[in-house]
2 protein chains.
Amino acid sequence: MADISNRGRLLQIGEAAERASLTQRTLRYYEEKGLLSPPTRMDGGFRLYTADDMERIDRIRQLKELLGFSLAEIKEMLEAEDVRLQIRAEWRKDADAEEKAEKARTAREVTLQQITLIDQKMGKMSSLRETLAERVRKYDEMLLRFAEAQEPEPATIQS
Amino acid sequence: MADISNRGRLLQIGEAAERASLTQRTLRYYEEKGLLSPPTRMDGGFRLYTADDMERIDRIRQLKELLGFSLAEIKEMLEAEDVRLQIRAEWRKDADAEEKAEKARTAREVTLQQITLIDQKMGKMSSLRETLAERVRKYDEMLLRFAEAQEPEPATIQS
DNA sequence: CGCAACATTGACGTGCGCGTTAACGTTGAT
DNA sequence: ATCAACGTTAACGCGCACGTCAATGTTGCG
């Protein structure tokens, strides 16, 4: 019950799906589409998800729900990011150093692009927020005029 | 060519679609689904969109692309908002004053809900932004180590 | 009037992102 | 050994948000 037993544990698809608030079908679908690398399996063939897998799954959700990317777009992004891990993995067997640097630069660019997009979205959202806030003020005004019309005697108002 | 001739002009579906960066099909679809009220027509039956229509179309795009709502959800929102216009229209024929006030309160609530949702989204987005920015710093670090390894002589670096 | 450009209403098609069902295998506790 | 709970693949289905014809009508300019 405590989270002590959860540190570094591998999850079967059921629990993985629940924790990610997705369905098993969705996880398998992401795998099928190449967004998730085929996870390790138990002897019987059951999928086992690592903490890294879970993080990746969460990234997918964020990119999809928050930024509205299609799975195809997300796949591309993640592939660009994977370069980072690949580089880290093969860091010591340093074949083709310049090639790695090139990949790193690409990954950096992709990430910057995402940040730019986030900034744009947030800008639009906050301007939308402002028009909505303005609208609320209008409603308040309306309701105030209503209250005045119906009950012309002053009363104590709460905030 | 100047925008003088555009003030208050009614647009046919072709130009309307182009200005909204949507297709004619999409506009007709929105109308079909009840998101757009049936626009006025020319004698021949061609649709004519007013400036208000265009604003509404833009709101739909914002709610869809920015916040990721489904058309069904957007429809509900717009209906709640329409109350505002309805009230304004029937303001003087003041039948059932309390009913109107109730509608105004509802519309206010709906709008506040949207604002809350925007705040939540923006919160998540800015935390995502932070992790991405962190990632960029990691890349920069990597690239710096690369540069050092290949060219051990100190050079002038920008920012 | 003729003709190109633009519009109309159906109706069927499509891609995405899964849901659902069927038939079957695995695991683990009792 | 049994049995419930959990998992597997394969295949079909589905709702959404339109795309894409096809057949037909309208507008407006020369």
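Would you point out the residue of the stretch B:33-44, among those that are near DNA strand C (Cβ under 9 Å from one of its atoms) and not small (Gly, Ala, Ser), that is surrounded by the most Cβ atoms within 10 Å (Cβ to Cβ)?
B:Pro39
Which ones in the stretch B:82-101 are at the interface with chain A (Cβ under 10 Å from one of its Cβ atoms) and assigned to a helix (DSSP H, G or I)?
B:Val83, B:Arg84, B:Ile87, B:Arg88, B:Ala97, B:Glu98, B:Lys100, B:Ala101 - these are the residues of the stretch B:82-101 that are at the interface with chain A (Cβ under 10 Å from one of its Cβ atoms) and assigned to a helix (DSSP H, G or I).
Conditions tested, residue by residue: (1) within 11 Å of chain A (Cβ to nearest Cβ); (2) within 15 Å of DNA strand C (Cβ to nearest atom); (3) modelled with pLDDT under 95; (4) within 11 Å of B:Leu11 (Cα to Cα).
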| residue | (1), (2), (3), (4) |
| --- | --- |
| B:Thr50 | no, yes, no, yes |
| B:Ile60 | no, no, no, no |
| B:Leu63 | yes, no, yes, no |
| B:Leu66 | yes, no, yes, no |
| B:Leu71 | no, yes, no, no |
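Considering the stretch A:35-74 alone, what residues qualify as being within 15 Å of DNA strand D (Cβ to nearest atom) and in a loop (DSSP other than H, G, I, E, B)?
A:Leu36, A:Ser37, A:Pro38, A:Pro39, A:Met42, A:Asp43, A:Gly44, A:Gly45, A:Phe46, A:Thr50, A:Gly68, A:Ser70 - these are the residues of the stretch A:35-74 that are within 15 Å of DNA strand D (Cβ to nearest atom) and in a loop (DSSP other than H, G, I, E, B).
For the stretch A:15-36, give me each residue that is among the hydroxyl-bearing types (Ser, Thr, Tyr) and more than 20 Å from A:Glu76 (Cβ to Cβ).
A:Ser21, A:Thr23 - these are the residues of the stretch A:15-36 that are among the hydroxyl-bearing types (Ser, Thr, Tyr) and more than 20 Å from A:Glu76 (Cβ to Cβ).
Would you point out the residue of the stretch B:45-91, among those that are in contact (Cβ under 8 Å) with a residue 12 or more places away in the chain and among the aromatic types (Phe, Trp, Tyr), that is surrounded by the fewest Cβ atoms within 10 Å (Cβ to Cβ)?
B:Phe46
Within the stretch B:18-34, track down each residue that is assigned to a loop (DSSP other than H, G, I, E, B) and either near DNA strand D (Cβ under 9 Å from one of its atoms) or touching a residue at least 60 places away in the same chain (Cβ under 8 Å) (or both).
Passing the criteria: B:Leu22, B:Thr23, B:Lys33.
I'd like to know if the stretch A:145-158 contains one or more residues that are outside any helix (DSSP H, G or I), more than 30 Å from B:Val110 (Cβ to Cβ), modelled with pLDDT under 95 and acidic (Asp, Glu).
yes
The values are calculated or read from the model by the stated rules, or taken from the named source; none is laboratory data. Remember, predicted model here, so these are calculated numbers, not experimental data. Cβ atoms come from the backbone with ideal geometry, glycine included; neighbour counts cover every protein chain shown.
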